[in-house]
Amino acid sequence: GIQVEQSPPDLILQEGANSTLRCNFSDSVNNLQWFHQNPWGQLINLFYIPSGTKQNGRLSATTVATERYSLLYISSSQTTDSGVYFCAVVNTGTASKLTFGTGTRLQVTL
Amino acid sequence: SAVISQKPSRDICQRGTSLTIQCQVDSQVTMMFWYRQQPGQSLTLIATANQGSEATYESGFVIDKFPISRPNLTFSTLTVSNMSPEDSSIYLCSVTGQGETYYTFGSGTRLTVV
């Protein structure tokens, strides 16, 4: 099956810093999502981004499907950004099933 | 996007027993899925819940251990059977609608088996 690797696995930032999270996938996809899992375990959908670039406030994401990677940018980080960030993909031809990446655990400190 | 109510939110169970988790959606949805998240790990798909027919299980998951029902387009249950401590995980249901632009997740069931 498709492999989805994220980097870095862990990241500690001071409040106000910027960061870039990366997601590499091993096969063609027709759907890519970024999620934030907060410290209470709730998964929040951040972006649907199978290709191109999107921005939502301090967050933006870019997917280059032909090169099989996606990037999530967090600017001016806040303590509420802490948690785990997952990318998840639907491998072309696999009937809507999301395969999750390995995750990046982010801690934002004061 | 759909709103999901998942119950129970957490439970502590004795080994050898079974627990049924419920997932109720506020609107009809095309696809419903069940995931497992072991401690400190990513999410792994258990199965796709099919309305009116048997669920489609992923490799490593079997119906006898994780029976799933989906009687209609808004409700599904996952049962974790004959539990052992290795089943201690967070179990999440997820839905997506037509177009599959967004996937919504329930708040999860945190299961501890002692």
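The values are calculated or read from the model by the stated rules, or taken from the named source; none is laboratory data. Note that the structure is a prediction, hence the values are computed from the model and not measured. Using ideal geometry, Cβ is built from the backbone for each residue, glycine included, and neighbour counts are taken over all protein chains shown.
Scan segment A:4-21 and tell me whether some residue there is loosely packed, with under 13 Cβ neighbours inside 10 Å and free of Cβ contacts under 8 Å to residues at least 40 places away in the same chain. No, there is no match, as no residue in segment A:4-21 is loosely packed, with under 13 Cβ neighbours inside 10 Å and free of Cβ contacts under 8 Å to residues at least 40 places away in the same chain. Kindly check whether there is at least one residue in segment B:7-28 that is closer than 25 Å to A:Glu5 by Cβ and more than 11 Å from chain A (Cβ to nearest Cβ). No, segment B:7-28 has no match at all. Within segment A:22-47, the only residue that satisfies the criterion of being part of a strand (DSSP E or B) and without any contact (Cβ under 8 Å) to a residue 12 or more places away in the chain is A:Ile44.
Taking only segment B:55-86 into account, find how many residues are assigned to a loop (DSSP other than H, G, I, E, B) and in contact (Cβ under 8 Å) with a residue 60 or more places away in the chain.
Just the residues of segment B:55-86 that are assigned to a loop (DSSP other than H, G, I, E, B), to begin with: B:55, B:58-67, B:73-74, B:81-84.
From what is left, the residues that are in contact (Cβ under 8 Å) with a residue 60 or more places away in the chain are B:81-84.
Qualifying residue count, segment B:55-86: 4.
If you check B:Gly52, B:Gly99 for being within 14 Å of chain A (Cβ to nearest Cβ) and either assigned to a strand (DSSP E or B) or of a type outside the set (Lys, Arg) (or both), only one passes: B:Gly99.
Residues to consider are B:Arg36, B:Arg15, B:Arg10; find the one that is of a type outside the set (S, T, N, Q) and over 25 Å from A:Phe86 (Cα atoms). Walk me through it before giving the result.
Numbers: B:Arg36 fails: over 25 Å from A:Phe86 (Cα atoms); B:Arg10 fails: over 25 Å from A:Phe86 (Cα atoms).
Only one candidate passes the filter, namely B:Arg15.
In the set B:Val114, B:Val80, only one residue is modelled with pLDDT of 95 or more, surrounded by 13 or more Cβ atoms within 10 Å (Cβ to Cβ) and away from chain A (no Cβ under 11 Å); that residue is B:Val80. For segment B:81-100, residues that are over 15 Å from the mean Cα position of the chain (by Cα) and of a type in the set (S, T, N, Q) total 3.
What strands (runs of 3 or more DSSP E) completely inside segment A:48-110 contain at least 2 residues that are crowded, with 16+ Cβ neighbours inside 10 Å? Explain how you work it out, then say what you get.
Working: elements: A:52-56, A:59-64, A:69-74, A:83-91, A:98-100, A:104-109.
Hits in segment A:48-110: A:59-64, A:69-74, A:83-91, A:98-100, A:104-109.
Filter segment A:20-31 down to residues that are within 13 Å of chain B (Cβ to nearest Cβ) and modelled with pLDDT of 95 or more, then give me how many there are.
So in segment A:20-31, the residues within 13 Å of chain B (Cβ to nearest Cβ) come out as A:23, A:29-31.
Checking the rest, the ones that are also modelled with pLDDT of 95 or more come to A:23.
Residues meeting the conditions: 1.
Checked against the criterion of being of a type in the set (Lys, Arg) and closer than 26 Å to A:Tyr48 by Cα, the candidates B:Arg36, B:Arg10 yield just one match: B:Arg36. Among the residues in segment A:82-95, are any closer than 30 Å to B:Gly60 by Cα, within 10 Å of the chain's Cα centre (by Cα) and β-branched (Val, Ile, Thr)? Checked segment A:82-95: at least one residue is closer than 30 Å to B:Gly60 by Cα, within 10 Å of the chain's Cα centre (by Cα) and β-branched (Val, Ile, Thr). On the stretch given as segment B:42-80, residues that are over 14 Å from the mean Cα position of the chain (by Cα) and among the small types (Gly, Ala, Ser) total 5.
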